[in-house]
Amino acid sequence: MADKINDVQLMQLVEAAIFAADKPLSSDDLQSTVLDGFNVSKKRLSETLARLMQDYAGRGVTLVEIASGYRFITKPELSDYLARLWPERSPRYSRAVLETLALIAYRQPITRGEIEDIRGVSVSSQIMRTLLDRSWVKVVGHKEVPGRPGLYATTKEFLDYFGLKHLNQLPPLPEFQAISLDLADTVVTTGELH
């Protein structure tokens, strides 16, 4: 028989679990870990998560749902001030890395050769290694042409890093071109862009 948990205890447990977790937690993650043994329906958990999101809406920290689940993030408008907590610079990504990532995100699945055709220059192994090492892209198959080149697509880690739940949340392409130019010059993060 499952234990009972009241609404206040449930909200506190879910909040603490998401706060303490080292990765986003999905509803299924919560059900199979901290809520295992409690009588909590998916609907009740969903309502609790919605209440938590509403409770945090006006604070400096907010609860968001991204591709891999729920996590707390800081408000984007506070990032300049919070960056002072980490005086060393985070990695900057070259324009070539950002262009390659954008092409993969918007045209996936795509081969390295197709990326090179669009960009008009070769894509270095280092660029692809950077994207693969960050787990932002992965090979999802091979194109049925001579040489069977790998087909690249973005990952959940890509969506998580950029604070997205789905690819359809990417900005429209013309808008993205202006943003990518700004990012190439100003990408400074403390491990995550929100």
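Observations
- Note on region 72-99: among residues that are open to solvent by 50 Å² or more (accessible area, probe 1.4 Å), modelled with pLDDT under 85 and farther than 25 Å from Arg59 by Cα, the one that is farthest from the chain's Cα centre (by Cα) is Glu88.
- Arg112 passes every criterion in (1) closer than 16 Å to Leu159 by Cα; (2) touching a residue at least 40 places away in the same chain (Cβ under 8 Å) apart from (1).
- Residue ranges of helices (runs of 4 or more DSSP H) in region 54-160 with at least 2 members touching a helix residue (DSSP H, G or I) at 6+ places or on another chain (Cβ under 9 Å): 95-107, 112-119, 125-133
- Residues in region 50-71 that are within 19 Å of the chain's Cα centre (by Cα) and either open to solvent by less than 40 Å² (accessible area, probe 1.4 Å) or small (Gly, Ala, Ser) (or both): Thr62, Leu63, Val64, Ile66, Ala67, Ser68, Gly69, Tyr70, Arg71.
- Condition met for Arg119 (closer than 15 Å to Leu103 by Cβ and among the charged types (D, E, K, R)): yes
- Subset of region 161-171 that is open to solvent by less than 80 Å² (accessible area, probe 1.4 Å) and outside any helix (DSSP H, G or I) - its residue that is nearest to Met128 (Cα to Cα): Phe162
- Number of the exception - Leu159 against (1) under 19 Å from the mean Cα position of the chain (by Cα); (2) farther than 24 Å from Leu25 by Cα: (2)
The values are calculated or read from the model by the stated rules, or taken from the named source; none is laboratory data. On a predicted model such as this, the values are computed, not experimentally measured, just so you know. Every residue, glycine as well, gets a Cβ built from its backbone with ideal geometry; the counts of neighbours run over all protein chains shown. The accessibility values were calculated without ligands, DNA or RNA, using every heavy atom of the protein model including side chains. Shrake-Rupley method; radii C 1.70, N 1.55, O 1.52, S 1.80 Å.
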